[in-house]
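Worksheet: the structure to be examined is printed underneath.
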Amino acid sequence: MNKQPKHVAIIMDGNGRWANLQGKLRVKGHQQGARTVRDVVEEATNQGIEYLTLYAFSTDNWSRPKDEVNILMKLLVNSLKKEFSRLVRNNIRLQSIGNLDGLPTPVKDELIYVIKKTKNNTGMILTLALNYGGKEELTEAMKAIAFKVKNSIISPEKVDESTIIEHLYTRNLPAVDLLIRTSGEERISNFLLWHIAYAELYFVKTLWPDFKKEDLRKAIEDYTKRERRFGKTSQQLTS
Ligand code: FPP
C-alpha cells in the first residue's frame, strides 16, 4: 500500500460540458468550477496533502473566444480576492507556475499580492498553473541552460537531471504522485511534463463542477492501493 500522495495535481476539465448539459452559458460552468476548487482545496488540506497543483489556464486557452478568456480572468481575480482569508485561515501558501508576464495586469497583481501575503504559511502549498505549458517550461529551461553553457557558467558534462529541475517553473515542487483528470478525457494536455514522469494517473468521468470532496477521497484511496514500481519488479519491492 502507498502512503497518502504528497503531491496531487489536477486537470480540472468539463466546465463547459457541465453548463451545456444544464442549458446554461459556459460562464456558469466556470463559476461552479471555482466553487469546486474551494471544496477540493479544503478537502486536500484535511487529507494532509502537502502539495496541490491545479491547471487553471494553459498557454493554449488563449485561443478560446475572447469573451470566455475575459470571464476566466475576471473569475480568477474574484476568486483570489474572495478566497484570500480562507487561505490564510487554513495556513495555505499560494504560488503559481507559468508565464506570469503574459497575464492581464489585474490577475498578475492580485496573484502577486496573495503569494506575498501567504508566503510564510506553513501548511499545504497550493500551486496555480496559469498561462502554463509543459513544453514551454522545458523549452525555457533548455534555453537558460544553453545560455549558461555558452557563457561557461556550467560545463555541458555537468548538466544532469538536477540542472534541468533547477531551471523549471516547478523547481520547488516534488514529483507528482497522483494526477487526476476529470470529465472522461484521458490526456495530459501539456501539463507538468517533467514532474509527472512516475505519477499515477487517475481519470474520472465526473465533470469538474460536479467533482465533490468525496471524489477526491476516492481518488486518493485508489492511489493508496496501487503498486508504484519505479522500474523495479514487484518481487524486488516486497523482498
Ligand atoms: C476546463 O473546462 C476548465 C478550464 C479551462 C478552466 C479552469 C477554471 C476554473 C475551474 C475556474 C476558476 C479557477 C480557479 C483556480 C479559481 P472546459 O471549459 O475546458 O470544459 P469543456 O471541456 O467541457 O468545454
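No lab work stands behind these numbers, since they all come straight from the coordinates. Note that this is a predicted model, so its numbers are computed, not measured. Please note: Cβ atoms are built from the backbone with ideal geometry, for glycine as well, and neighbour counts cover all protein chains shown.
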Q.
Just to verify a number: FRET efficiency for GLU161 and GLN22, C-beta to C-beta distance, R0 = 45 Å, to 0.05?
A. 0.45
Q. In the Gaussian network model of the chain, springs joining C-alpha atoms below 10 Å, which of LEU25, LEU207, LEU178 carries the largest mean-square fluctuation?
A. LEU25
Q | Within the chain, helix-based [θ] at 222 nm, where runs of 4 or more DSSP H residues each add -39,500 (n - 2.57), nearest 500 | A | -14000 deg cm²/dmol
**Q.** Nearest-20 debye value, the range 11-79 charge dipole, Cβ charges on Lys, Arg, Asp, Glu
**A.** 440
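Summing +1 for each Lys or Arg and -1 for each Asp or Glu, what net charge is found among the other residues whose Cβ lies under 14 Å from the Cβ of ARG228? Please report the intermediate quantities before stating the final value.
Numbers: positive: LYS3, LYS6, LYS225, ARG226, ARG229, LYS232; negative: ASP177, GLU200, ASP222, GLU227.
Spelling it out: positives minus negatives among the neighbours equals +2.
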Q) Label points 7 Å out from Cα along the Cβ direction at ARG64 and ASP109: separation in nm? A) 2.3
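First measure r as the distance between the Cβ atoms of PHE203 and LEU237, then evaluate 1/(1 + (r/R0)^6) with R0 = 30 Å and state the FRET efficiency to the nearest 0.05.
On the way: r = 25 Å, r/R0 = 0.82.
The value I calculate is 0.75.
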Q: Would you please classify the overall shape of the range 43-170 from the alpha carbon gyration tensor, given that a ≥ b ≥ c denote the square roots of the eigenvalues, rounded means a/c under 1.5, and beyond that prolate means a/b larger than b/c while oblate covers the rest?
A: oblate
Q: Name the helices (complete DSSP H segments) of the chain with a Cα length along the long axis of 27 Å or more and a Kyte-Doolittle mean of at least -0.5, or state none.
A: 66-89
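Give the calculated FRET efficiency between ASN120 and ASN172 to the nearest 0.05, with a Förster radius of 22 Å applied to their Cβ-Cβ distance.
Efficiency at R0 = 22 Å is approximately 0.90.
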Q | Ascending count of other beta-carbon atoms within 10 Å, so fewest first, for TRP18, TRP194 | A | TRP194, TRP18
Q: May I ask you to list the trypsin sites (Lys or Arg not before Pro) in the range 1-77 that are in a DSSP loop and have at most 10 other Cβ atoms within 10 Å of their Cβ?
A: LYS3
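Any of LYS74/LYS213; LYS28/LYS74; LYS116/LYS150 with alpha carbons more than 23 Å apart? Name them for me. Before the final figure, lay out each step's value.
On the way: LYS74/LYS213 25 Å; LYS28/LYS74 13 Å; LYS116/LYS150 34 Å.
Beyond 23 Å between Cα atoms: LYS74/LYS213; LYS116/LYS150.
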Q. Looking only at SER189, SER162, SER85, which one moves most when the chain is put into a Gaussian network model with springs between Cα atoms under 10 Å?
A. SER162
Q. Taking the Cα centre of the range 1-99 as the origin and placing charges on Cβ (Lys, Arg +1; Asp, Glu -1), which of ASN91, LEU75, THR59 is farthest toward the positive end of the dipole?
A. LEU75
Q | Residue order, fewest to most beta carbons within 10 Å, for VAL8, VAL41, VAL149 | A | VAL149, VAL41, VAL8
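For a test of the definition: using alpha carbon positions, the gyration tensor, and the 1.5 limit on a/c, classify the chain as rounded, prolate or oblate. Before the final figure, lay out the partial values.
Working: a/c = 1.58, a/b = 1.15, b/c = 1.37.
The shape class here is oblate.
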Q: Mind giving me the nanometre distance, one decimal, between the label points for GLU227 and THR139, set 7 Å out from Cα along Cα→Cβ?
A: 4.1
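Can you tell me the dipole magnitude for the chain around its Cα centre, using point charges on the Cβ only (Lys, Arg +1; Asp, Glu -1), in Debye to the nearest 20?
Roughly 500 debye, rounded to the nearest 20.
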